[in-house]
Each structure stands twice: as structure tokens, then as C-alpha cells.
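Student: Have a look at the structure that comes next, please.
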Amino acid sequence: MPDDFAPIDLVVVPCLSDNYAFLVHNRDTGETALVDAPEAAPIQDALRVKGWTLTDILITHHHPDHIDGLAALRDGVRVIGAARDAHRLPDLDVQVADGDVIEICGVDTHVMDVSGHTIGHIAFHMPEPELAFTADSLMALGCGRLFEGTPAQMWESLQKLRALPIDTIICSGHEYTESNARFALTLDPDNPDLISRIEGITAARAAGRPTVPSALDEETRTNPFLRADDPGLKTALGMADSSDVDVFAEIRARKDKF
Ligand code: ZN
Ligand code: FE
């Protein structure tokens, strides 16, 4: 993370078998926010190591692997989630919707509806410090499965995320990157950016390091789900004359069978 956005610190917390939660901390105010709560213990450990106390918890969507730790962490903490999902989320202290701007850890945080994986899935964008918390919408070299939304909804959500400032760091919800990379190579075997990125991914995983967060700049050049409107990729799929949504749907369908 760039130093000029001090006083914000970011900590990635591996949870369960392949989830990530994130801690955002403001060194000046002492505020600490958690994004998603897959399970309490590793988050409590990370807080203890840093000496931080939670002030806010941001929830991206209702799936158990993003909320099951909430009950054990929420005492005295402000819990924020989508109004659209409130009926199936734990009790929320603040309900937010697309376009809302809330202050978290002393920085403006923009709420984006990124439906597709679920309806009502939200992302949180902090323009300064250039962080976006995307959970199971845009993922490192991938995107979430379409459990509830249509390909058109997910493609629209991914285009909104792609339009964020190019220096944005994407904090996504799972360590699925190696499998995503193997799939991406089947579509895009000659993409030099993809090939060099995969070398980095393989090295990181061999060393037990997370591949999340990732850089939006790199995602735009290597993530096939962000490139459904790329003429070269369309041609490679034999879909040169198809709509962007149809190409996105085909890529998602191939990944589901991969
Ligand atoms: Zn999910
Ligand atoms: Fe998930």
C-alpha cells in the first residue's frame, strides 16, 4: 500500500480454509474496521497481535463464510451491511445502499452494489487509501459464482469495479487464485501479463503467502472476467460477433465446468 495514504494500515486475515477477512486501521484515530467475519478466532488473534480494538464491521453479503464470526466480534462494534440484504443478515446498526458514502476509520467509504454472486452483494471502496473490498464479486483472476444474479448483472458489477481508479487495490474474499489462473490460461494462453502473473502466484503459494489483495491494473490485463469485451478474447472464444454479456456468460459457464 502506498505510504502517502498513511495513517491507514491494512491487514489480511486468512480464515476457514480459503477465506480472507481484512482489518483497516487508522493510526491517528485508533479506529479499526473489519471487512467480513468468516470466523472469530483468527480475527481476534490478529487484533491482539496489533493491539487494536474493533470499531466497525462491514459485511459484503449474507453467505455463512462471510458472517459466521460476527456474533463473537460485534460487542460494542457498529455493524454495517446492505439494506437490500438486511432480511437475511444478522442485525445491522447501519443499513447502506449503492452510492452511499460513509466514514469508516476516518476515510470516506463508498458503497457499491455489485450484485451477481448474490443479489444485494455490496463492495466498499475507499478512494484514499485506494482500497476496494470486493469479496465474492471481483476476485483475484476470477469472479464469484452466479448463485442468484444473471450474467448481465455480474458483468455490470464487474464493469463498475473495473472503472475504479487504476491504482486501486482489490481486497477479495477467497484464495482461489491458482485455480482461477489455470482456467484463465485455457482462454488466454499467449497473454504475457497473465503468464508472468502466474509465475508470481505460484511462487507466493509455494511460500504460503496470500495472492490477495491484488492490483486492479493487473486484473484488467489478466482477469478473463474483466475482459469479456476484449476483441482478442472474443475471437479466441469463437465469439467475435457476440455481445459482451454473452461472452461473459460463456466464460462464466466454462469456469463452472472447469
Ligand atoms: Zn459468497
Ligand atoms: Fe464466500
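Student: Scan segment 163-177 for residues that are more than 16 Å from ligand 2 (Cβ to nearest atom) and of a type in the set (A, V, I, L, M, F, W, C) and report the count. Let's see the steps before the verdict.
Tutor: Within segment 163-177, the subset more than 16 Å from ligand 2 (Cβ to nearest atom) is 163-169.
From the residues that got through so far, the ones that are of a type in the set (A, V, I, L, M, F, W, C) too are 163-164, 166, 169.
The number of residues fulfilling the criteria is 4.
Student: Suppose we keep only residues that are of a type in the set (Ser, Thr, Tyr) and open to solvent by 30 Å² or more (accessible area, probe 1.4 Å) within segment 24-80. Which one would you say is farthest from residue 136 (Cα to Cα)?
Tutor: Taking segment 24-80 first, the residues of a type in the set (Ser, Thr, Tyr) are 29, 32, 53, 55, 60.
Cutting the leftovers down to open to solvent by 30 Å² or more (accessible area, probe 1.4 Å) gives us 29, 53, 55.
Values: 29: 30, 53: 26, 55: 24 Å.
Selected residue: 29.
Student: Hey, can you tell me all the residues within segment 122-151 that are more than 16 Å from ligand 1 (Cβ to nearest atom) and closer than 20 Å to residue 187 by Cβ?
Tutor: Within segment 122-151, the first condition is being more than 16 Å from ligand 1 (Cβ to nearest atom), and the residues that meet it are 125-132, 141, 150-151.
The answer is 141, 151.
Student: For residue 209, work out the one condition from (1) in contact with a helix residue (DSSP H, G or I) (Cβ under 6 Å, 6 or more places away or on another chain); (2) in a loop (DSSP other than H, G, I, E, B); (3) not aliphatic (A, V, I, L, M) it doesn't fulfil.
Tutor: Result: residue 209 passes all but (1).
Student: Scan (1) at pLDDT 95 or above; (2) part of a loop (DSSP other than H, G, I, E, B); (3) away from ligand 2 (no atom under 16 Å from the Cβ) for the single condition residue 128 breaks and write down its number.
Tutor: Single failed check for residue 128: (1).
Student: How about segment 184-232: which of its residues are closer than 20 Å to residue 20 by Cα and over 22 Å from the mean Cα position of the chain (by Cα)?
Tutor: Of everything in segment 184-232, those that are closer than 20 Å to residue 20 by Cα and over 22 Å from the mean Cα position of the chain (by Cα) turn out to be 206, 207.
Student: Here's a follow-up. Might you let me know whether segment 40-60 holds any residue that is out of contact with any Phe, Trp or Tyr (no Cβ under 6 Å at 6 or more places or on another chain), assigned to a loop (DSSP other than H, G, I, E, B), within 16 Å of ligand 2 (Cβ to nearest atom) and more than 20 Å from residue 132 (Cβ to Cβ)? Walk me through it before giving the result.
Tutor: Quick first cut of segment 40-60, residues out of contact with any Phe, Trp or Tyr (no Cβ under 6 Å at 6 or more places or on another chain) only: 40-57, 59-60.
With assigned to a loop (DSSP other than H, G, I, E, B) added as a condition, the list becomes 51-55, 59-60.
If we keep only those that are within 16 Å of ligand 2 (Cβ to nearest atom) as well, we get 59-60.
Those left that are additionally more than 20 Å from residue 132 (Cβ to Cβ): none.
No, segment 40-60 contains no residue that is out of contact with any Phe, Trp or Tyr (no Cβ under 6 Å at 6 or more places or on another chain), assigned to a loop (DSSP other than H, G, I, E, B), within 16 Å of ligand 2 (Cβ to nearest atom) and more than 20 Å from residue 132 (Cβ to Cβ).
Student: Going by the structure shown, is residue 111 out of contact with any helix residue (DSSP H, G or I) (no Cβ under 8 Å at 6 or more places or on another chain) and either free of Cβ contacts under 8 Å to residues at least 60 places away in the same chain or surrounded by 22 or more Cβ atoms within 10 Å (Cβ to Cβ) (or both)? Outline the logic, then answer.
Tutor: Values: out of contact with any helix residue (DSSP H, G or I) (no Cβ under 8 Å at 6 or more places or on another chain): yes; either free of Cβ contacts under 8 Å to residues at least 60 places away in the same chain or surrounded by 22 or more Cβ atoms within 10 Å (Cβ to Cβ) (or both): yes.
Against the criterion (out of contact with any helix residue (DSSP H, G or I) (no Cβ under 8 Å at 6 or more places or on another chain) and either free of Cβ contacts under 8 Å to residues at least 60 places away in the same chain or surrounded by 22 or more Cβ atoms within 10 Å (Cβ to Cβ) (or both)), residue 111 qualifies.
Student: While we're on this one: For the structure I just gave you, tell me whether residue 119 is within 16 Å of ligand 1 (Cβ to nearest atom), among the hydrophobic types (A, V, I, L, M, F, W, C) and either open to solvent by 10 Å² or more (accessible area, probe 1.4 Å) or closer than 27 Å to residue 223 by Cα (or both). Working first, answer last.
Tutor: Working: within 16 Å of ligand 1 (Cβ to nearest atom): yes; among the hydrophobic types (A, V, I, L, M, F, W, C): yes; either open to solvent by 10 Å² or more (accessible area, probe 1.4 Å) or closer than 27 Å to residue 223 by Cα (or both): yes.
Considered against the rule, which asks whether it is within 16 Å of ligand 1 (Cβ to nearest atom), among the hydrophobic types (A, V, I, L, M, F, W, C) and either open to solvent by 10 Å² or more (accessible area, probe 1.4 Å) or closer than 27 Å to residue 223 by Cα (or both), residue 119 comes out as yes.
The values are calculated or read from the model by the stated rules, or taken from the named source; none is laboratory data. Keep in mind that this is a model prediction, so the values were computed, not measured. Quick reminder, even Gly has a Cβ in these numbers, built from the backbone with ideal geometry, and neighbours come from all protein chains shown. All accessible areas refer to the heavy atoms of the entire protein, side chains included, with ligands and DNA or RNA removed. Shrake-Rupley method; radii C 1.70, N 1.55, O 1.52, S 1.80 Å.
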